[in-house]
Amino acid sequence: MSIISITSITKKFKRFTAVDNVSFDIEEGECFGLLGPNGAGKTTLIRIITCVSPADAGDITVAGLNVRDNPREIKARIGVVPQIDNLDEDLNTVQNLLTFARYFDIPADVAKVRAAEILRDMRLEEKRTARIDELSGGMKRRLLIGRGIINNPQILILDEPSIGLDPQAKH
């Protein structure tokens, strides 16, 4: 069974067609990449898959659920690392992770353990209490990736995941 199934998806912004009759399936366990030039509709398609923006035509199922009918359930099953840095500047590094964990109803004690693991895995332990504006671009990117996996998602969607990362961090 496909973990994501996309059938004839179209998205228009007034007269501009951002996504034009796109269809494909992604199998569970598969690493799938969307490649194309800037403006090709990759981020728009990601926004449709993640239930942020509705399609104008076509169907998408994620983990067997239709995006139109089950956005809340789908959002609970996915992790998203956006292209842009949208970390909360009012919170420090660990607070960003813990606050995001609350969106998924992760119990505080579990969230603290996951946050500590993520900070270790992303090599951000020493920046645990750093303000976001004190982090380098690469550190912010690693924190965004960590935030995207705080809920142990069934599906992880990364939009331009390696922007700002050094070669070791990309690995």
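Give just the number: which of (1) closer than 24 Å to residue 144 by Cα; (2) in contact with a helix residue (DSSP H, G or I) (Cβ under 6 Å, 6 or more places away or on another chain) does residue 65 not satisfy? Status for residue 65: all satisfied but (1). Tell me whether the range 62-84 contains one or more residues that are over 30 Å from residue 106 (Cα atoms) and open to solvent by less than 80 Å² (accessible area, probe 1.4 Å). Among the residues of the range 62-84, not one is over 30 Å from residue 106 (Cα atoms) and open to solvent by less than 80 Å² (accessible area, probe 1.4 Å), which makes the answer no.
Going through (1) under 22 Å from residue 105 (Cα atoms); (2) outside any helix (DSSP H, G or I) one by one, residue 20 falls short only on (1).
Tallying residues that are over 26 Å from residue 138 (Cβ atoms), among the hydrophobic types (A, V, I, L, M, F, W, C) and modelled with pLDDT under 95 within the range 68-127 yields 1.
Residues that are assigned to a strand (DSSP E or B) and surrounded by 12 or more Cβ atoms within 10 Å (Cβ to Cβ) within the range 24-46 comprise 24, 25, 26, listed in sequence order. Any residue at all in the range 11-18 that's within 16 Å of residue 157 (Cα to Cα) and either in contact with a strand residue (DSSP E or B) (Cβ under 9 Å, 6 or more places away or on another chain) or open to solvent by 80 Å² or more (accessible area, probe 1.4 Å) (or both)? No, the range 11-18 contains no residue that is within 16 Å of residue 157 (Cα to Cα) and either in contact with a strand residue (DSSP E or B) (Cβ under 9 Å, 6 or more places away or on another chain) or open to solvent by 80 Å² or more (accessible area, probe 1.4 Å) (or both).
Evaluation of residue 51 against the conditions (1) open to solvent by 50 Å² or more (accessible area, probe 1.4 Å); (2) not in a strand (DSSP E or B) shows that the sole unmet condition is (1).
The values are calculated or read from the model by the stated rules, or taken from the named source; none is laboratory data. Predicted model, so just to flag it, every value in this text is computed and none were measured. All Cβ positions, even for glycine, are placed from backbone atoms using ideal geometry, and neighbour counts span all protein chains on display. Ligands, DNA and RNA are excluded from the accessible area calculation, which covers all protein heavy atoms including side chains. Shrake-Rupley method; radii C 1.70, N 1.55, O 1.52, S 1.80 Å.
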